[in-house]
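Read the structure below first, then the notes.
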Amino acid sequence: MATIDTTITSPDAPPVQRNGWVYAVIIAVCVVNFLPYLWVVMTGFMDGAAAASRAPQWIFTPTLDAFRYLIFEKGIMSNFMNSLIVALCSTFFSVTIGMFCAYALARYDFIGRDDVSFWVLTNRMMPPVAVLIPIFVIFQTLKLLDTLPGLILLYTAMQLPFVVWMLTGYFRDIPRRYEESAMVDGDTWFQAFRKVTLPLMMPSITATAIFVMILSWNEFAFATFLTSTNAKTMPPAIMAYSIGADIEWNVLGAAVVLITAPLILFVLVMQRQLISGLSQGVVKK
Amino acid sequence: MADLQIAGLMKQFGGFTAVNDVNITVHDGEFVFLLGPSGCGKTTTLRMIAGLEMPTSGRIEIAGRNVTFLRPRHRNIGMVFQDYGLYRHMTVFGNIAYPLEVRGLDKRAIADKVGAVAKTMQITDALQKKPDQLSAGQLQRVAIARMLVRDADVFLMDEPMSHLDAQLRGQMRAELRHIQKTVGVTTIFVTHDQLEAMTMADRIIVMKDGRMLQFATPREIFERPATEFVASFVGEPQMNILDCTLRRGDGAMLADCGPFAVTLDAGWVRANGLAKRDGQKLRLGIRPEHVSVGRDAGETHPVATELYSFEPTGAENLYVLRSGSVQVTTRTSTTETAHLGKTEGTRLAMRFDPNWIYLFDPDDGRTIAYAAASRPDAAEDAA
């Protein structure tokens, strides 16, 4: 049995926490995370020779050659626009449709409700590539191959389970009495939903939308198989520069900048909403 | 402003009957309380009046109009929810103005009305704040203001004071009662707090397990409870309820409680036909204020007891006495019992006031005999 040393008395001041090493760990993680990206961005601003040289060059004269090449000779901005349209539209549709579905799952008690929500979740469990061929055939039959509506439709369907699952939880956190109160005050159900529940849900919906947007923007597998020229989005377009024997590293770097910059800017701008949305329901009044 | 009629109201959730055969007639301008323990169906009843829950069967009429299955917005009611139901994304002004905006009033009229109500509820300073910035007492006021701002036929309140501390609750009781009488709108108030119901109500409906036990004025509920449950639910401290057996003593009927027997008033025994219940097991009820405490057992205080615990509440002393296995709480004024011992175990004596003894049926809980001194209310009867 351990004995307690009773001769020890308290020091005059509370012990000082020495947590310096935590910062060392954080800095190390940051370096490991950001250095490769920094290097890719730098490569994007090099000329062909500097990018291809064996010894890494930290000091170089920046040039926009690679961007010029991509934008004016390869017309990558059309891919950029495709990506933008597909990401925005599929986000809009999946969040709008998913919102009502989540509301129904959160608010109404019907037979098989739990089965429905589990079924929705299983849709995300399956690796999407498993249904690549069937979807290709379906798209071919419906003449949706290489069209923007086709991609939008597919992404909307792909993101719906995620939206439904995220939002169901958040809707459950909003007490029903808000709607009831509005209905007693004279609103119809839909007015109560629109004027009371939706404003309260806005942070959560925004956060979900940001996630869906990122997923849609980065989707690669289906975009590669289902598009060729008209509807090609950024990820497959960039893929073209990273295969082959003779990779132009500065062009690849510039392409990476083009595909990641919008997302990074977007998330930086929306950071506040993202965090408040994700933590909603955790901080309760 | 209108009267409210409920007939044969019933609500089932699956196999569970939450509200069973509720019949109420509430007159114009009356302040009526639904009182009962949690899960007794009082909130469900209120929600059915509001239209937030649809009855399984029955009929609800507001001002003679059948509203049984109407949506809430067609009923013209105002409601305060238990946790207020204020919109946290709107200012207090927005919250109070909301029901008016929904009805499409113009901005000036809204501002006037909200201003007037805010003045009544003394929340003018808080109008531009968000609900998050308010204290519980202020939130309460905003919620009530939101109800008052409407020209509703009926006001409904679902345990609106349960989140307030005791002191605020005391203030709000008086204020709410005053406002209700000033505005004069028929109001139904749900609570599990018997003190709230007793102090504010015109009439009280006591509910248990989905059924109405009694619908009467607070005084009648207190003095002439229909069942043992009503008797013990209302009043603080609770009525003492003792198992007893009626038997014939020397010259009078006695209620034998085991360690001691209580002599019953002969006139009362005759009036309630208790003689024929000789030998029956019954339940005897007596309120703490009708048990007097003395130092020595004798003529005035026939029952010898021992002090189990002593609880001074300031103006009054609560003596919890024990005689054998029977425990009796008494309530006496501090001055009256100043001379008595206050340490646990002190030998004391008590006396039951024969004019304030109740007898209940042990099987169905019904009151067999009301206290001799209690009087039925001359005012309109219960449903």
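The values are calculated or read from the model by the stated rules, or taken from the named source; none is laboratory data. Treat the numbers as computed from the prediction; the structure is a model and nothing was measured. No Cβ is skipped: glycine too gets one built from the backbone with ideal geometry, and neighbour counts run over all protein chains shown. The protein model used for the area step is the full one, side chains on, heavy atoms only, and it has no ligands, DNA or RNA in it. Shrake-Rupley method; radii C 1.70, N 1.55, O 1.52, S 1.80 Å.
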>> Please go through region B:193-211 and give me each residue that is closer than 17 Å to B:Asp377 by Cβ, open to solvent by 20 Å² or more (accessible area, probe 1.4 Å) and either among the aliphatic types (A, V, I, L, M) or within 8 Å of the chain's Cα centre (by Cα) (or both), ordered by number.
In response: B:Met198
>> So, in region B:239-270, exactly how many residues are in contact with a Pro (Cβ under 8 Å, 6 or more places away or on another chain) and either surrounded by fewer than 18 Cβ atoms within 10 Å (Cβ to Cβ) or within 19 Å of B:Ser292 (Cα to Cα) (or both)?
In response: 8
> So which residues in region A:55-80 are outside any helix (DSSP H, G or I) and of a type in the set (A, V, I, L, M, F, W, C)?
Replying inline: A:Ala55, A:Trp58, A:Ile59, A:Phe60, A:Leu64
>> It is to be established whether one or more residues within region B:127-134 are touching a Lys or Arg at 6+ places or on another chain (Cβ under 8 Å), within 14 Å of chain A (Cβ to nearest Cβ) and not in a helix (DSSP H, G or I).
In response: yes
>> Can you confirm whether A:Met125 is modelled with pLDDT under 90, open to solvent by 30 Å² or more (accessible area, probe 1.4 Å) and of a type outside the set (Gly, Ala, Ser)?
In response: yes
>> For region A:129-194, give me every one of the helices (runs of 4 or more DSSP H) that falls completely inside it and has 1 or more residues that are within 14 Å of chain B (Cβ to nearest Cβ) and open to solvent by 50 Å² or more (accessible area, probe 1.4 Å).
In response: A:148-173, A:189-192
> Of all residues in region B:94-122, which are within 11 Å of B:Val149 (Cα to Cα), among the aliphatic types (A, V, I, L, M) and within 11 Å of chain A (Cβ to nearest Cβ)?
Replying inline: B:Ile96, B:Ala97, B:Leu100
> Among the residues of region B:333-382, which ones are assigned to a loop (DSSP other than H, G, I, E, B), open to solvent by less than 30 Å² (accessible area, probe 1.4 Å), touching a strand residue (DSSP E or B) at 6+ places or on another chain (Cβ under 8 Å) and under 18 Å from B:Gly267 (Cα atoms)?
Replying inline: B:Ile357, B:Ala371
> How about region B:53-78: which of its residues are open to solvent by less than 30 Å² (accessible area, probe 1.4 Å), at the interface with chain A (Cβ under 8 Å from one of its Cβ atoms) and in contact with an Asp or Glu (Cβ under 7 Å, 6 or more places away or on another chain)?
Replying inline: B:Ile77
> Hey, among B:Ala145, B:Ala97, which residue is in a helix (DSSP H, G or I) and farther than 28 Å from B:Leu35 by Cα?
Replying inline: B:Ala97
>> Condition (residue is surrounded by fewer than 21 Cβ atoms within 10 Å (Cβ to Cβ), part of a helix (DSSP H, G or I) and either modelled with pLDDT of 90 or more or within 12 Å of chain A (Cβ to nearest Cβ) (or both)) applied to region B:151-160: is it met by at least one residue?
In response: no
> Filtering region B:81-93 down to residues that are outside any loop (DSSP other than H, G, I, E, B) and more than 9 Å from chain A (Cβ to nearest Cβ), which residue is most open to solvent (accessible area, probe 1.4 Å)?
Replying inline: B:Phe93
> Hey, any hits in region B:239-262 for a residue that's in contact with a Leu (Cβ under 7 Å, 6 or more places away or on another chain), closer than 22 Å to B:Arg351 by Cβ and not in a strand (DSSP E or B)?
Replying inline: yes
> What are the residue pairs meeting all of these: first residue in region A:93-109, first residue β-branched (Val, Ile, Thr), second residue open to solvent by less than 50 Å² (accessible area, probe 1.4 Å), Cβ atoms under 7 Å, and 6 or more apart or on different chains?
Replying inline: A:Val95/A:Val163; A:Val95/A:Ile205; A:Val95/A:Thr208; A:Val95/A:Ala209; A:Val95/A:Val212; A:Ile97/A:Leu160
